């Protein structure tokens with residue numbers, strides 16, 4: 001009985017070791033592999049319009065509008081989530097529900113001298129999101145370029 | 001008492017044990033397939049449960065599907081089956097705990113268990129399959145031999161053919 005238990009545990013351990021080793025090896029050689037060490041982008045890493053457009057089209061990133069709600073209603077990047085800087089603390093639970101911390105985020109505000117996107121991106125990194133970027137040109141340049149926008153509340 | 005013994009005897013019936021083993025193995029392999037091809041969505045799904053610290057989310061997403069695959073292959077081939085049963089039961093217990101915890105906290109998330117789940121939200125009904133998997137794994141861990149069909153049959157046939165040909169001259 002004791003021998004059977006020992007063999008069972010040994011087999012289980014072997015499965016865990018072999019499975020784990022294969023997983024790490026496959027992740028290292030696969031093009032779909034993911035980084036195992038958290039690689040937080042520095043808070044507020046600025047990106048240009050072209051990179052933001054690529055992230056938008058790829059569908060993997062979520063856009064965060066750091067402006068007040070009224071500005072958001074009058075026009076925002078299509079599909080963006082409104083997190084006004086002043087109300088960020090109350091939004092944390094909703095963000096954690098809706099945004100996996102592994103997902104890239106692109107934060108924007110009015111561009112130019114506006115600092116709310118930088119502050120919000122630093123807060124997001126501090127709250128656990130690992131890949132947070134700031135669209136330095138802000139919403140006006142995005143809209144002027146004719147990229148997808150929406151008005152009113154997001155569904 | 002005797003009814004309990006009857007159920008236990010039935011569960012230890014070799015045909016039922018074989019069916020449980022092959023079903024559990026096929027389920028584990030199916031569950032692992034898309035996760036090991038593309039671990040990122042699985043990492044997102046794990047993170048949505050808000051149980052693991054971020055530092056452990058990615059490594060779990062990378063390693064777990066391969067453990068499922070190896071355990072599933074062991075169950076299908078009949079190699080080290082009690083150990084594979086134990087791993088299966090442990091995985092199922094972890095999944096049950098995570099699902100129950102997410103539902104009790106009111107999280108509106110997907111299960112992240114299989115490919116093609118679409119946008120369906122986690123529900124208590126998602127527990128039943130994992131509970132069945134737990135029961136099958138426990139049964140296999142307790143009752144299955146270490147080398148089982150089909151590997152056991154192949155091994156027996158190989159040793160019969162070796163005996164039939166007899167010792168090689170000069171050996």
**OP:** Relative to the longest principal axis of the C-alpha atoms of chain A, give the angle of the C-alpha long axis of helix A:88-98, reported between 0 and 90° and rounded to the nearest 10°.
**Re:** 50
**OP:** Starting from the Cα gyration tensor of the protein assembly as shown, multiply each eigenvalue by 5, take the square root, and state the resulting semi-axes largest first in whole Å.
**Re:** 52, 22, 15
Original post:
Taking the Cα atoms only, what angle lies between the long axis of helix A:2-29 and the longest principal axis of chain A, rounded to 10 degrees?
Top reply: 40
Subject >> segment A:45-150: relative contact order in percent, alpha carbon pairs under 8 Å with at least 6 residues between >> reply: 35
**OP:** Per residue of B:83-95, count partner chain C-beta atoms within 10 Å of its C-beta, then hand back the mean as an integer.
**Re:** 3
Original post:
Normalised by the number of residues in segment B:2-148, what is the relative contact order in percent for Cα pairs under 8 Å and 6+ residues apart?
Top reply: 32
**OP:** Just need the relative contact order of segment A:43-101 here, percent rounded to a whole number, with Cα pairs under 8 Å and 6+ apart.
**Re:** 25
Original post:
Going 7 Å from the Cα of residue B:52 in the Cα-to-Cβ direction, what parts of segment A:126-155 have a backbone nitrogen less than 16 Å from that spot?
Top reply: A:130
**OP:** Kindly put B:60, B:88, A:8 in sequence by how many other C-beta atoms sit within 10 Å of each C-beta, fewest to most.
**Re:** B:60, A:8, B:88
**OP:** Would you mind giving the mean number of other chain beta-carbons within 10 Å of the Cβ of each residue in B:133-142, as a whole number?
**Re:** 1
Subject >> Sorted by Cβ neighbour density within 10 Å, fewest at the top, the residues B:30, A:108, A:139 >> reply: B:30, A:139, A:108
**OP:** Provide B:128, A:123 in ascending order of the number of other Cβ atoms located within 10 Å of each residue's Cβ, fewest first.
**Re:** B:128, A:123
**OP:** Looking at the protein assembly as shown, send over the antiparallel percent of its DSSP beta bridges, to the nearest 5.
**Re:** 20
Original post:
How big is the convex hull of the Cα atoms of segment A:84-132, per residue, in Å³?
Top reply: 69
Subject >> Distance histogram for chain A (every C-alpha pair counted, 10 angstrom bins, percent rounded to whole numbers) >> reply: 10, 34, 25, 12, 9, 6, 3, 0
Original post:
Between the helical axis of A:49-58 and the dominant principal axis of chain A, each derived from Cα atoms, what acute angle in degrees is found, rounded to the nearest 10?
Top reply: 50
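Any read-out appearing in this document is the output of simple, stated calculations on the displayed coordinates, not a laboratory observation. Predicted, not measured: the structure shown is a model, and the values here were computed from it. Cβ sites come from the backbone with ideal geometry, for glycine too, and all protein chains shown count toward neighbours.
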